[in-house]
Every structure is written in C-alpha cells, then in structure tokens.
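Student: Just dropping this structure here.
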Amino acid sequence: MKIKQTYIYTVIVLIIIVSGCTKEFLNKTPLDSQTEETAFKTDENFRTYSWSLYSILYRNYSPTDSYQDENRSDDMYDWSRGINSWAMGDMIVPASSGSWVSDFAYIRKVNLMLDNIENSELNETKKNHWRSVGYFFRAYKYFQMVRKYGDVQWIEHVLSDIDEEVYKPRDPRNTVTAKILENLEFALANIEDASVIENNINKDVIRGFISRFGLFEGTWRKYHGLGEEDIYLQACVTASEVLLQNHPTLHDHYDELWNLEDLIGLDGILLCRSYVKDKVTQGATRGARSSANRSEHTKDMINSYLCSNGRTIEANGRMTNEPNPYIEFRDRDYRLYFSSCPPYRIEVVDKKGWQEIGVVDGVDHSEYIRLLEQISGDGFKKLPIQNYNGFVKQGEPSFLKNKNGYGFCSSQAGYYTWKFYNETIDALTYSSGTNDMPIFRMGEILINYAEAMKELGLFDQTVADATINKLRARAHIADMAVGDIDGNFDVNRDPDVDPVMWEIRRERRIELFGEGFRFHDLRRWKKGSYIIKIKVGAYIEDKEEVKPYRILLDKVAIEGGGSTGFAETSSVKPQSSWPEYYYLYPIPTDQLLLNENLTQNPGWEPPAVK
C-alpha cells in the first residue's frame, strides 16, 4: 500500500511547456516530447499530472523547520534564531518576489491542467472530476495567499506575458474568498465518490478543507471588521457536520498520529503524507533524536495543559512558578507527555547502558519512565532518551549551556519538544524518517466545528460532547462541563475573550500543537499581543544549587538576571506593541515595480519600512 502511495507522490511529470515560448513553437508537436496536445488527453494523463500538485499540502518536516510557524507564536521558540522578526518588529518589505512568484507559478500550473480539460478525450463526468481536483488545489493556494496578503489577483487561465490580466490590480479579498468557496462547492458536488487511488483528494478531504478555510475566513472577517462572517462560519459548520457523521471514531492514541509508518485508513485520518525508506523521507525523527531540534515549548504553552480533572494547574493549587518539574508534569493531559519530554534521572553505565537511581531525597526519578511504559506505544515515547546512535541521556530537563556530557536532545530553557521522537524509525540520517504525517484529520475538524458553533452562538453541552470531549477522552482528562465555566475558571484568561471560547481555544492550541496553526490563529483572532509576549522557560529556584531532580543548572540564564526565576529564552526583548499593519504580509517591492497597478498593503509603505 505504502509503495503505491509513494509512487503517487514521487513521480514528476516532465511536460515540456516553456512559459516564454512563441505561439509558433506551441503550435508544433515535437516527435519526441510531450506537449499540451498529447499530455492532457486521457484520465491517466490527468491523474499523473495531478500528483505533482499535492506538494502544496506538505510541510517541511526538516529538523530545523518542522515548527517554523509555531516559533512565531506564543507556543514555541527557536533558540538558534532568537526572537523572530514579527515579535521583534523588524519585519521589512522584501525586495525580491520570493513566495509571491512561486505562488502564482503554482496557480499557473493548476490552470494549465484546467485549461486543457475541455478538449480532452474525457466524458463530461471525468471532465468535472478533474476540474474538481484542479479547483481544490487552486483554492488551497489562494487560501494561503489570502491568509498572507489579503487582496490578491484572481487568475483562472494560463496567461502569457502580453496578456493585460497579468498587470491588473489585486482583486478584493471578498471576490477571492467567494471564488474559493464557489470552487470548493463545485468540487464537492462533482468529484468522483470513490478515488481511484486511496489517500487522494476526495469528498471528505474537500470537506476538511472547507472546514479549515471557513473557520479561518469567518473569524478573520469577524475580528477584523470585514463583515459577512456567517457565510464562511456556516460553510465550516455544514462541512464539519458531515465529517462528524462519516468519521465518528478517532484513533485512540494521539502519539501514534505522528509516529506510525502507515496512517492510510486509520480512524480519523482524511489525508496524510506518506513516506517510504529510500524513496520519500523526512527528517523530523532525526531532529527529535539529535541536537538538531532547535525548537522548544514556552512556559506559557506548558501551563496551558489541563490537569486530569479538567481544571487548570492554578485551580489545582499548584504554583505556576514550580521549581520541581516532577510536580509540574504530574497528573496532566497526556498530550503534554507526548509533546514535551517529562523529567527523569538515571545513572549511565556506559554510553548505551543505564540503570535507575530510584528514589533520592524523596524524589522518584523513575516516575515518568514507568508512566510512559504504560501510556505510549512500544518504542515511541520512551525514557530514557536515546539519540540516533543509541547513546543514553542522563536526564531531563537538561540545558544547552550545561550539557553535562550529554548535549543531544537538550533545551535552552528546560522544555524539550519531542513530538516526533520515537525509537522505531531509522534516524541515522536526516533523510531516513518514514513515519507518516497527517494533512487533514478529524482532531482538527472537531475543534473547527466547536469554535465555529461558538462563534454562531450555537455551542452547548451537546456540541462539547461531540467534539472537545472526544479529544479529552483520548487525552485522559475530564470532560468539559460547559455550565461550570465562568469568569473565574482560568485566572489567566484574556478578559476580552469569553470564558467558554477561551477553553475552546485552549483545546485547539493543545490538540493542534506543532502542526502550524497557532501563528495564523492569533492573526485571525487579532491577538498579535500574544505574539510579542516575553517567552520564558522553566522556573528555576536557584541556578547555583544542584537539586536531586535536576541536572546541574549553573550557567543557565535567568530572565531578569537574578538567581531565581524563569529560564531565559532570549536576552533580546520583543517590541512593546503589535502594529495593526502586521496582520498582513507586505507585497514584494519588485512586484510593485513590475506592475504599477499593484498597491502595497497599508502600513508597509515607506516610511513604515524599517
């Protein structure tokens, strides 16, 4: 099954069509080359061409970039790069086109297929099927562009350099998003019910995208004052409700969603990225088992995980400034254990041998070793940590500035992110990872639906039971009781956010951690203020003192420069306020020069450019 799927994703169709060719050249059919006249005839032609379009759905699961968007948010940070430019306030208008050109190159690639459907040998049903596939991919790319730039040029056909449409102004956001929804509705109505090859675009994948797009656009419109949000929120709800009926069961193990070698057909997986040894691979596993993973949790993210009774750590009588990591991690949402490495301490006999040290001064250093043996799949989240060569790590937390002889899998500030860690996958090289990665899954759809229903004023206990409480059951925490949530439920709640909505957003933050959503969620909620919060790590009681539950802490920087406090993630502080114009990306300068009808997004014009 997986070899077949890899073939789908790795075949590169070599169609010799040069965008700058003359009309005379395009009217000739080379004897030894594929052209539009020969490449777009049969069902198999279109299927083969479409495989190259799937690349838009794939994230870069490399050791250094797996968490790129999260590092811009309040969830994580990249200790090798420091504070990101959005938080620092030193974003600049790019001089060259970058992604703007590649975005429109992709649109052209899809339009090339769409323009050749009508004159193919296909019957009308097949023609509409491949239009549906093309519409899906074009809509997905335009969603990404609207999410970044707002207004963009809507292009439906392949254009030459002399076409006036190339130099038209950006179309209004309203026009583009309406077209996206229109294309997706056509695709949903006309794509073939059963995909010829499984794990391809199908009706439920389209519904999954409508759910994602509808929620984003609806809430962006609401919180940015654009209006007509209910159109998109209702689209999210309608698509999500069908998916809830079609996929009533979640896979019962959260951690396996990122650590199994085959996700195809797994409960709750709508579409996944498939990897196979020596063919198509990723580096996320290697990054998690080496010193290459440079991203880690913030204290704020750690604090967001609830305790098993469904209440916050503050409501359970624990200090958020907790210097004892064993207490800090105890009795929490299982998703915490599968995302941030719990504390432990062992004695390393030799580089690959170890033994427990048991209870020392009342601290059980094996507590989480035993817990993970019970709750994690065999070989997935397992303590003690071993790197890709099988060398054993003495304990966690450990710190980059005091590696104590065991520098791999260290953190700068105490919380090592290990979502992609497992010992069953080959991690000897940066291109040996073969665990599949979800693209659309029901965990997202459930939380999309819950949020959209709340935005529409329809969220109640029944909706909570059908969505959030399914996710909580898998995480082994108590159900959300909507009637119990009031203004005092979380003392750290943003007072501008409704208490129930705050808990829905918390669930989204936790369930989708590390999947690339948080930065854009904060943008659509108009919560840039969260992005510029000072990020800190674990609370350290005394950086000079050697505690029995810690590796040596001297040399660890404390935020504010004291000997007690939060471990510092960066000595540089973020900007003091979030500029309104930062919610949209700037248009590259060279595009403004090439097309005088393009205008810059407000606020990015000089002298706002720094």
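Student: Bin width 5 Å, origin at 0, all Cα-Cα pairs of the range 401-502: what percent of pairs per bin?
Tutor: In whole percents, the pair-distance histogram is 2, 9, 13, 14, 14, 12, 11, 10, 9, 5, 1, 0.
Student: Return, for the Cα atoms of the range 422-565, the radius of gyration and Dmax in Å, separated by a comma.
Tutor: Rg and Dmax of the range 422-565, Cα atoms, are 19.8, 53 Å.
Student: Then there is this: According to a simple spin-label model (label point 7 Å from Cα along Cα-to-Cβ), what is the distance in nm between Leu428 and Thr48?
Tutor: Taking the simple label geometry, Thr48 and Leu428 are separated by 3.5 nm.
Student: Among the listed pairs Lys533/Lys573; Lys141/Lys203; Lys41/Lys279; Lys352/Lys381; Lys535/Lys573; Lys41/Lys126, which are separated by more than 20 Å between their Cα atoms?
Tutor: Details: Lys533/Lys573 9 Å; Lys141/Lys203 18 Å; Lys41/Lys279 29 Å; Lys352/Lys381 17 Å; Lys535/Lys573 9 Å; Lys41/Lys126 11 Å.
Pairs exceeding the cut-off: Lys41/Lys279.
Student: What aspartates and glutamates does Lys222 reach when the alpha-carbon gap must be under 12 Å and sequence neighbours fewer than 8 apart in one chain are set aside?
Tutor: Correct list for Lys222: Asp230, Glu455.
Student: Along the Cα→Cβ direction, 7 angstrom out, place labels at Glu118 and Asp498. What is the inter-label distance in nm?
Tutor: With each label placed 7 Å out from Cα toward Cβ, I get 4.7 nm.
Student: Less than 11 Å Cβ to Cβ from Met113, Lys/Arg counted +1 and Asp/Glu -1: what total charge do the surrounding residues give? Working shown, then result.
Tutor: Details: positive: Arg47, Arg108, Lys109, Arg131, Arg138; negative: Glu36, Asp115.
Result for the local shell: +3.
Student: Roughly how many whole Å is it from the C-alpha centroid of the range 159-203 to that of the range 287-313?
Tutor: Value for the Cα centre distance between the two parts: 38 Å.
Student: Where does the charge balance sit around Asp252 when Lys and Arg score +1, Asp and Glu -1, over other residues with C-beta under 14 Å from its C-beta?
Tutor: Values: positive: Arg335, Arg441, Lys470, Arg472, Arg474; negative: Asp255, Glu256, Asp267.
Around Asp252, the charge tally is +2.
Student: I would also like to ask the following. Taking H placed 1.01 Å from N in the peptide plane, check which residues at least 5 places from Leu270 or on another chain put their amide H under 5 Å from its amide H.
Tutor: Those lying under 5 Å, H to H, from Leu270 are Phe440, Arg441, Met442.
Student: With a 10 Å radius around each residue's Cβ, average the other Cβ atoms per peptide and rank 202-211, 181-190, highest first. Don't jump to the answer; show the numbers that get you there.
Tutor: Details: 202-211: 23.9, 181-190: 18.5.
Those peptides, ordered most packed to least, come out 202-211, 181-190.
Student: Also, quick follow-up: Under 13 Å Cα-Cα from Lys526, which aspartates and glutamates qualify once same-chain neighbours fewer than 8 residues away are excluded?
Tutor: Glu217, Asp494, Asp496, Glu580
Student: Place the peptides 286-298, 111-123 in order of packing, highest mean first, counting for every residue the other Cβ atoms within 10 Å and averaging per peptide.
Tutor: Details: 286-298: 24.4, 111-123: 16.3.
Ranking, from highest mean packing down: 286-298, 111-123.
Student: Per residue, how big is the convex hull of the range 344-466 when only Cα atoms are used? Give it in Å³. Mind dumping the intermediate values first?
Tutor: Values: hull volume 22.9 nm³, N = 123.
Dividing the Cα hull volume of the range 344-466 by its residue count gives 186 Å³.
Student: Any chance you could give the angle, 0 to 90 degrees and rounded to 10, that helix 173-190 forms with the longest Cα principal axis of the chain?
Tutor: In the chain, helix 173-190 runs at an angle near 80 degrees to the longest axis.
Student: Sticking with this one: Peptides 326-332, 517-523, 376-382, 163-169: what's the order by average Cβ count within 10 Å, highest mean first?
Tutor: Numbers: 326-332: 18.6, 517-523: 21.7, 376-382: 16.9, 163-169: 12.4.
Ranked by mean Cβ neighbours within 10 Å, highest first: 517-523, 326-332, 376-382, 163-169.
Student: Quick one: angle between helix 229-246 and the longest Cα principal axis of the chain, in degrees between 0 and 90, rounded to 10, please.
Tutor: Computed tilt is about 80 degrees.
Student: Which angle between 0 and 90 degrees, to the nearest 10, do you get for helix 442-455 versus the longest principal axis of the chain when only C-alpha atoms count?
Tutor: 90 degrees
Student: Arrange the following residues from fewest to most other Cβ atoms within 10 Å of their Cβ: Trp604, Trp220. Don't skip to the end; give the middle numbers.
Tutor: Working: Trp604 19, Trp220 24.
Starting with the residue having the fewest Cβ neighbours, the order is Trp604, Trp220.
A short reminder: the numbers here are calculations on the coordinates, not readings from a lab. What you see is a predicted model; the values in this text were computed from it and never measured. All Cβ positions, even for glycine, are placed from backbone atoms using ideal geometry, and neighbour counts span all protein chains on display.
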